[in-house]
Structure formats: structure tokens, C-alpha cells
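One structure below.
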There are 2 protein chains.
Amino acid sequence: MKWCRIEVDGAPAFGIVEGTDVALLDAPPYEPHRRTGKKVALKSVKLLPPVMPYNFYAAGINFRDHIAWASERLGTPLKVPAQADIGYRSPNALVGSGAEIVIPKDSPGPVHFEGELVAVVGKKARNLTEANALSCIAGYTLGNDLSERSFQKSDRTLWRAKNTDTFKPMGPVVVDGIDPLKQQITVRVNGKEASSYNTSGAIFSLPHYIARMSAYVTLWPGDVIWLGCDGATLPALEPGDLVEVVNDAIGVLANRVVRA
Amino acid sequence: MKWCRIEVDGAPAFGIVEGTDVALLDAPPYEPHRRTGKKVALKSVKLLPPVMPYNFYAAGINFRDHIAWASERLGTPLKVPAQADIGYRSPNALVGSGAEIVIPKDSPGPVHFEGELVAVVGKKARNLTEANALSCIAGYTLGNDLSERSFQKSDRTLWRAKNTDTFKPMGPVVVDGIDPLKQQITVRVNGKEASSYNTSGAIFSLPHYIARMSAYVTLWPGDVIWLGCDGATLPALEPGDLVEVVNDAIGVLANRVVRA
């Protein structure tokens with residue numbers, strides 16, 4: 001199944017993607033729901049972030065080449081995490097595919113993409129094992145973990161480096177039935193491939209993260225887990241650039257960069 | 001006005017506190033709402049966290065004596081933040097007054113209270129100034145920023161140190177018309193005063209935080225900003241302890257500690 005969240009008459013609505021149409025639902029597809037009978041053309045809709053999570057998890061550093069590259073760039077010692085400690089982002093920053101990424105007026109830059117696979121929680125879960133961890137996942141989407149590297153260096157927290165409004169594009173749709181450990185994630189800038197890696201290279205797997213997390217925290221329907229990215233995140237984005245995160249099964253998360 | 005969020009027939013409901021009663025509303029008091037005509041006795045209700053925020057902000061370190069105490073305890077250099085960088089907590093950890101605080105089975109401890117004033121956002125806001133910053137605030141409540149200090153030391157992020165389920169009691173009610181810069185916040189453990197400080201000692205004021213935050217992020221109705229605590233956070237909490245965060249205008253946020 002492939003589903004999305006779209007704007008219909010100014011309000012958010014969930015829908016199932018069927019060919020070139022979206023069949024609207026009266027509730028999220030991971031909760032009890034019915035079809036409303038209404039259909040809209042996928043081409044004409046405004047895509048919203050597929051969910052609005054209360055708990056917005058991000059693995060952060062979970063790929064060796066990305067850690068090595070960041071260490072070199074920052075001149076800090078290479079330090080691979082010894083355990084799967086999950087981090088956070090904030091929902092204010094979420095936008096859907098097609099929305100603009102707005103670089104703040106006073107951003108010294110650079111602003112970098114980070115193309116990521118995102119797991120969407122569909123069931124309340126606690127104390128899962130690695131073996132049954134994926135039973136709580138409704139499906140997968142894509143995320144672009146935009147990062148303002150000057151703010152990331154100067155600030156005590158990641159608040160404006162990572163959570164400036166519009167800095168977390170997510171979408172375009174959610175798909176189920178794919179293996180999160182074997183996805184190729186590619187980033188294109190202005191149509192040109194800038195980065196491509198496979199999620200098989202993750203230091204800690206999604207089942208490992210979920211098992212560890214759910215020993216302490218309840219996972220709730222609608223929560224999202226962003227899984228980190230591999231490699232360098234170049235070129236730096238400039239106003240006017242079109243940045244796309246691409247996966248064969250999920251599609252293309254496309255956003256244009258502007259300056260406030 | 002004094003309002004709360006309570007459980008009614010298994011579902012959450014907002015209500016206005018009137019003497020010993022709660023007059024139920026059909027929506028949050030900071031949104032268009034009507035009274036349902038139903039009243040329940042305040043004494044008999046289960047209090048929930050007054051709001052469920054999408055964006056859960058926490059000032060973290062914002063008082064000199066707390067920073068000095070933490071530096072001494074951790075053997076790290078005393079470092080006062082140079083700018084107001086907001087941090088985050090996660091909604092999974094929220095519980096209301098009266099709920100149990102559950103220390104994880106494998107927690108080496110110590111587990112510490114941190115009694116804090118909490119600002120509740122009532123209006124969508126962006127680009128506020130210090131002069132009009134408080135115009136977006138619906139009122140104030142109390143928070144207990146429970147912290148597992150071993151996890152805080154060992155983990156790369158604050159996820160289970162601060163966001164283990166039940167580690168963020170918030171309540172009991174929200175009040176408006178108080179000055180957030182002049183509140184006495186007291187913590188009692190088993191009825192005995194353990195900590196007491198005035199919010200006037202904050203390094204960065206709430207208006208300063210809001211002005212700085214809203215230059216980058218949109219504040220949304222229901223968002224909360226936890227304002228940090230001052231001084232030491234002793235004694236460490238043990239199973240069986242009753243921990244209370246107290247303020248004259250807001251009341252008592254009371255939670256019993258248990259071990260999982």
C-alpha cells in the first residue's frame with residue numbers, strides 16, 4: 001500500500017494512492033478508517049508531511065562514511081557511537097514534498113542536505129525485541145535532514161541548525177512491504193546525483209534501535225524515526241537549487257531552496 | 001483563569017477550574033471553545049498533562065547555581081551559556097499530577113528531580129520581539145524534568161536520561177495573569193523542602209528566549225517551554241518517595257516514585 005497526507009479544502013486528509021488518484025480516508029491508514037468515497041488527482045494535490053508526530057526521533061550519526069567525513073570537516077577526532085542513542089528533531093520544521101526550504105536571512109551557511117529513510121510507527125509499542133521490532137512500523141517514507149553547519153557549530157543545541165521552519169521535508173508518500181535494511185537512498189541537486197548510499201551500511205539497524213528505544217519509551221502511532229545518512233552531504237545548497245531525495249519504492253521528495 | 005486537562009470516560013477533556021469543580025469545555029481554552037454544561041468534582045478527576053505538545057522545548061541550563069553545582073558534580077569546567085539555545089524533550093515522557101514516576105529496572109541512578117516553571121503557548125507566533133513575546137503565552141504550569149544521571153553521563157543524547165516514559169510530570173493546572181520572571185518554585189520530597197529558587201535568577205528571560213526562538217521557528221498553540229531550574233537537585237529520589245513541585249499561584253505537581 002502507498003498512502004499520503006494532503007491538503008483538501010484547507011484541511012489535512014489522509015488518502016491511499018491508486019494509480020494517478022488519491023482515494024480519501026476519514027482517518028490515518030494505520031488506525032481504524034473508512035474510505036470517504038472522494039477521489040482527487042495526485043498531480044493536483046498539495047502534499048503534506050505524511051504524519052504529524054508527537055515524538056520525532058532521529059538516529060543522527062549512524063553511518064561510518066558520514067562520521068568520517070564530518071570528523072574531517074570539523075577537525076574533530078573520528079568517534080563511532082558505541083551504542084544506539086536516539087536523538088530528536090521538532091515537528092515545527094516539517095514540510096511536505098513540493099514545499100520551499102527557506103534559509104534564514106542571517107544564515108552564514110553552508111546549508112547541507114541529508115537524505116534519509118524514515119520509519120513511520122503505526123502501532124503503540126513497548127518492550128519489543130529485535131525479532132518483532134518491525135511489527136510496529138506502518139511503512140517508510142523519505143526525509144531531508146537539512147542542516148545549517150554554522151549554527152550547528154556555534155550553538156549548544158541543534159535547535160536552529162536542524163529545526164528551523166521548513167528544514168525537515170518529509171514525504172512524498174508512505175509505502176509498506178519494503179526491507180528498511182536494503183534501501184538505496186539517492187540525493188540529486190538540480191537533477192545531478194550528489195549522494196547515493198544503501199541503508200545496509202547502517203552501524204545500528206532499525207530493529208536494534210527500536211528494541212533499545214522501546215525498553216524505555218513507548219512508541220506511538222504517528223511517531224517517526226529518521227535513520228541518518230551516509231557519506232558527504234555536498235554540494236552546499238544555494239537559493240534556487242532543487243534538492244531531491246530519491247528511492248525506487250517510495251518515490252521523490254522534491255523541494256526548492258529559497259532565501260528568506 | 002485556571003484550567004486543566006482531565007480524563008473523562010477514558011478520553012481527554014479540557015476544563016476550567018471553578019472552586020472545587022471543573023467545568024468541561026469542548027476544545028482547549030486557548031482555541032475557540034464552548035462549555036459543554038457538564039461539571040465534575042476536581043477532587044475526583046484524573047489529571048492529565050495540561051497539553052500534548054508537538055514541540056516540547058526545554059531551556060536546560062539557565063540558572064547559575066544549577067550550572068555551578070552540575071559542574072562540580074561532574075568535574076567539568078563551569079561554563080555559562082553565551083546565548084539562549086533552546087533544547088528539547090519528548091512528549092512520550094509526559095504524565096499528569098498524581099501519576100507514578102517509574103524508574104527503569106536497569107537504572108543505576110541517581111534519579112534527580114528538576115522543578116521548573118513551564119510556559120504554555122496559546123497562539124501561533126513568529127518573529128516576536130522581547131516586548132511582545134509574552135502575547136503568545138496562554139498561561140503557566142509546573143514541570144518536573146526527571147533526570148537519570150548515569151544515563152545522562154553515558155549516552156550520546158539525553159533520550160533515556162530525560163525522556164524515559166513518565167519522566168516528565170507536568171501540571172497540575174495552567175494559570176494566566178502571573179509574572180513568569182518572579183515565581184518562587186519549591187520542590188518537596190516526602191513533605192520536606194529540598195529546593196527553592198526564584199525564576200528572577202534566570203540567565204536568559206522567557207521573553208528573550210521567545211524572541212530568539214521565534215526568529216527561526218513558528219510557535220504553535222499547545223507547545224510548551226520548560227524554563228530550567230536553579231541550584232542542586234538533591235536528595236536523589238528513591239522508590240516510595242513523593243516528589244512535589246510547588247508554586248503559590250499554580251499549585252502542587254505531585255508524583256510518587258516507583259521502580260519498574
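Full extension of the chain segment joining A:ALA82 with A:LYS153 gains 23.3 nm, where the gain is 0.36 nm per residue of separation less the Cα-Cα distance. In this structure the amide hydrogen of A:LEU25, modeled in the peptide plane, comes within under 5 Å of the amide hydrogens of A:PHE14, A:GLY15, A:ILE16, A:THR36, none closer than 5 places in sequence on its chain. The value for segment B:7-106 of Rg(Cα) / (2.2 N^0.38 Å) is 1.53. Measuring spread by the Cα atoms of chain A yields a radius of gyration and Dmax of 17.7, 57 Å. Between segment A:62-105 and segment A:157-199, how far is it from one alpha carbon centroid to the other, in angstrom? Distance between centres, Cα-based: 11 Å. Look at B:GLU114, B:GLU100 and count the other Cβ atoms within 10 Å of each Cβ; fewest to most, that gives B:GLU100, B:GLU114. Two numbers describe the Cα atoms of segment A:48-155: Rg and Dmax, which are 16.0, 47 Å.
Listed values for segment A:84-90 are Karplus-derived 3J(HN,Hα) couplings in whole Hz (6.51 cos²θ - 1.76 cosθ + 1.60, θ = phi - 60°), namely 7, 9, 6, x, 9, 10, 10, and x replaces Gly and Pro.
Roughly speaking, what % of Cα-Cα pairs in segment B:155-260 are separated by over 22 Å, rounded to a whole number?
Values: 2353 of 5565 pairs.
Value for segment B:155-260 (Cα pairs over 22 Å): 42 percent.
Derived value for segment A:1-48: Kirkwood hydrodynamic radius 10.4 Å. Basis is the mean of 1/r over every pair of different alpha-carbon atoms.
Derived scalar couplings between HN and Hα for segment A:173-188 equal 9, 10, 10, 10, x, 10, 8, x, 8, 9, 9, 8, 10, 10, 10, 10 Hz in order, rounded to whole Hz, by the Karplus curve 6.51 cos²θ - 1.76 cosθ + 1.60 (θ = phi - 60°), x for Gly and Pro.
Assuming 0.36 nm per residue, please report the length gained on full extension of the stretch A:LEU234 to A:ARG64 beyond their Cα-Cα distance. Numbers along the way, then the final one.
Working: separation 170, 0.36 × 170 = 61.20 nm, distance 1.64 nm.
The A:LEU234-A:ARG64 span can extend by a further 59.6 nm.
Using every Cα-Cα pair within the protein assembly as shown, state what percent have a distance larger than 33 Å. Cα-Cα pairs in the protein assembly as shown separated by more than 33 Å: 40 percent. Computed from phi, the 3J(HN,Hα) profile of segment B:141-151 under the Karplus parametrisation 6.51, -1.76, 1.60 (θ = phi - 60°) reads 9, 10, x, 10, 8, 3, 9, 8, 6, 5, 4 Hz, with x in place of Gly and Pro. Centre-to-centre, using Cα atoms only, segment B:124-140 and segment B:31-51 are separated by 25 Å. With a Förster radius of 45 Å applied to the C-beta separation of A:GLU72 and B:SER44, the computed FRET efficiency comes to 0.15.
For a quick check: sort A:ASP241, B:ASP106 by the number of other beta carbons within 10 angstrom, fewest at the front. Please report the intermediate quantities before stating the final value.
On the way: A:ASP241 17, B:ASP106 11.
In order of increasing Cβ crowding within 10 Å: B:ASP106, A:ASP241.
Each eigenvalue of the Cα gyration tensor of segment A:199-260, multiplied by 5 and square-rooted, gives one semi-axis; in descending order these are 30, 15, 13 Å. The slack in the chain from B:ASP106 to B:LEU181, taken as 0.36 nm per residue of separation less the alpha-carbon distance, amounts to 23.2 nm. Annotation for A:ARG34 and A:ARG259: the two label points, set 7 Å from Cα along the Cα-Cβ direction, are 5.3 nm apart.
Throughout, read-outs are computed from the coordinates displayed, never taken from laboratory work. On a predicted model such as this, the values are computed, not experimentally measured, just so you know. Quick reminder, even Gly has a Cβ in these numbers, built from the backbone with ideal geometry, and neighbours come from all protein chains shown.
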